[in-house]
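The values are calculated or read from the model by the stated rules, or taken from the named source; none is laboratory data. Note that the structure is a prediction, hence the values are computed from the model and not measured. In this analysis, Cβ positions are derived from the backbone assuming ideal geometry, glycine residues included, and neighbour counts consider all displayed protein chains. In case anyone asks, the SASA skips ligands and DNA or RNA and just uses the protein heavy atoms, side chains included. Shrake-Rupley method; radii C 1.70, N 1.55, O 1.52, S 1.80 Å.
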Amino acid sequence: MVNKVNYLRIATEEAFLTQDVLKGYMRLLDDASFQDPGFRSLWGFYGKHQSPRAKFIHESLLDLGAKRIADMDASGIDHQIIALTAPGVQVFQPAEASALAVDANDQLAEACRRYPTRYTGMVCVAPHDPDNAVKEMERGIKKLGFKAVIINSHTLGHYLDEPQFEPVLAAAEALNVPIYLHPQTPPPSMIKPFLDAGLDGAVFGFGSETGLHMLRIITGGVFDRHPKLQFIIGHAGEALPFWLYRLDYMHGATVRSQRYPFMKPLKHPVSHYLRNNVYITNSGVAWQPAIEFCQKVIGVDRVLYAMDYPYQYVPEEVGFCDAMTIPDADKKAFFEGNPRRVFKLDI
Ligand code: MN
């Protein structure tokens, strides 16, 4: 039974998958020369495992039709902001990655045309093919009507603060659309202690790696070079809001000490960038203390609702968020006002 509420519930980190990208994942799993233990752990499970969880997610990701709409109706979700699931096309070599991105974007755009009041898309790109990524971002935003860019964290172990990705960042800033920095599994250079303990996935590995990535973007000076650029991160900000005080102190102290010659002073403390260039969704964290904490330290206008369908399709969790004892205006901003503004929705 879905509560009646006086706001639309707009879920902002919802995933899908195309048959062709899935086929590509299966081919990589069967290719012994493809050395990425995190990818093998994630897609070995969701692609091949016979457990009810793996099968439900596998089937739901591939559906952009009646099943997804029924799941949204059953949980009270009015609108989904949808993106190609992790790791997107970023595990493929550049030419194949860009071709798969174009096809996935076409399929998502077609679904958005079929259900204009229910779906909005994010454009998927291959950041390691920067010229084509920029072209595809322009096509996705200007022609297909998408409202954001999805990047599934690192690309084959490379991070967006590295110079080869500058054109992608500049294009997002020029197009005036946010980049959703979604997690994927830690790269081979980081994963061993996570994998040894079974903690490489969304349980903790995703958040550690994506929090690190977001922090590298900030400390690498990306927002001093692109002050209007906006990112979105999920999972209550991948724990960065909780770290904020210490990040400001220790980053400042490290820069002042000149401990690392490459670490240049920023125009502002780390916290400034989280409050001015980063939006946070609560995907996977339907928990008032964490949501309230993010609203308090980052800003009520910067925290957005997300379900993380189908990975965390738990209809009761929508009710937990409806029942939060926060001001009504803040709840409305969380579920509807902020998603409308950040994604420039015309629903
Ligand atoms: Mn997700």
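Report, in listed order, any pair from Lys23/Lys55; Lys135/Lys228; Lys228/Lys264; Lys147/Lys192 with a Cα-Cα distance greater than 26 Å.
Values: Lys23/Lys55 16 Å; Lys135/Lys228 20 Å; Lys228/Lys264 20 Å; Lys147/Lys192 36 Å.
Long pairs (Cα-Cα over 26 Å): Lys147/Lys192.
Under the combined filter of DSSP loop state and at most 11 neighbouring Cβ atoms within 10 Å, the stretch 225-268 retains these chymotrypsin sites (Phe, Trp or Tyr not before Pro): Phe262.
With both bridge residues required to lie in the stretch 10-342, what share of the DSSP beta bridges run antiparallel, to the nearest 5%? Please list the in-between numbers first.
Working: 1 of 22 bridges.
Of those bridges, close to 5 percent are antiparallel.
Taking every alpha-carbon pair under 8 Å whose residues sit at least 6 apart, the stretch 10-342 reaches a relative contact order of 18 percent.
Rg over Rh for the stretch 256-347 works out to 1.10, both radii taken from alpha-carbon positions and Rh defined as the Kirkwood radius.
Between Thr325 and Phe262, the simple spin-label model (points 7 angstrom out along Cα→Cβ) gives 4.9 nm.
In the stretch 157-232, which trypsin sites (Lys or Arg not before Pro) fall in coil by DSSP and have 11 or fewer other Cβ atoms within 10 Å?
Lys228
Each residue, Asp63 and Leu29, gets one label point 7 Å from its Cα in the Cβ direction; the gap between the two is 2.0 nm.
Accessible surface of Glu316, taken over heavy atoms with a 1.4 Å probe and every protein chain present, rounds to 110 Å².
Estimated at 0.36 nm per residue, the fully extended path between Glu166 and Ile347 surpasses their Cα-Cα distance by 61.9 nm. Can you give the log10 of the normalised intensity I(q)/I(0) at q = 0.15, 0.16, 0.21 Å⁻¹, computed with Debye over equal Cα scatterers of the stretch 156-290? Once normalised to I(0) and log-transformed, intensities are -0.79, -0.90, -1.39. Put simply, the amide H of Tyr180, placed in the peptide plane, has neighbours under 5 Å in Val149, Ile150, Ile151, Ile232, leaving out anything fewer than 5 places away on its chain.
Ordered from largest to smallest accessible area (heavy atoms of protein chains, 1.4 Å probe), the residues Val297, Val5 come out as Val5, Val297. For the stretch 1-121, pairs of C-alpha atoms spaced more than 18 angstrom apart make up 56 percent of the total.
The spacing between the stretch 148-227 and the stretch 87-144, judged by their C-alpha centroids, is 18 Å. Once the Cα-Cα distance is subtracted from the 0.36 nm per residue extended length, the Phe242 to Asn6 segment shows a gain of 81.9 nm.
I want to verify the translational diffusion coefficient of the stretch 10-342 in µm²/s; compute it with Stokes-Einstein, Rh as the Kirkwood radius over Cα pairs, at 4 °C and 1.567 mPa s.
The Stokes-Einstein estimate is 65 µm²/s.
Quick one: putting +1 on the C-beta of Lys and Arg, -1 on the C-beta of Asp and Glu, what dipole do you get for the chain around its Cα centre, in Debye to the nearest 20?
Details: 35 positive and 39 negative charges, 142 e Å.
Charge dipole, the chain, about its Cα centre: 680 debye, nearest 20.
Select from the chain the helices, each a whole stretch of DSSP H, whose alpha-carbon atoms run 18 Å or more along the helix axis and whose Kyte-Doolittle mean is at least 1.6; answer none if there are none.
Details: long enough: 94-114 (30 Å, -0.26); 205-219 (21 Å, 0.45); 240-257 (24 Å, -0.03).
Helices meeting the criterion: none.
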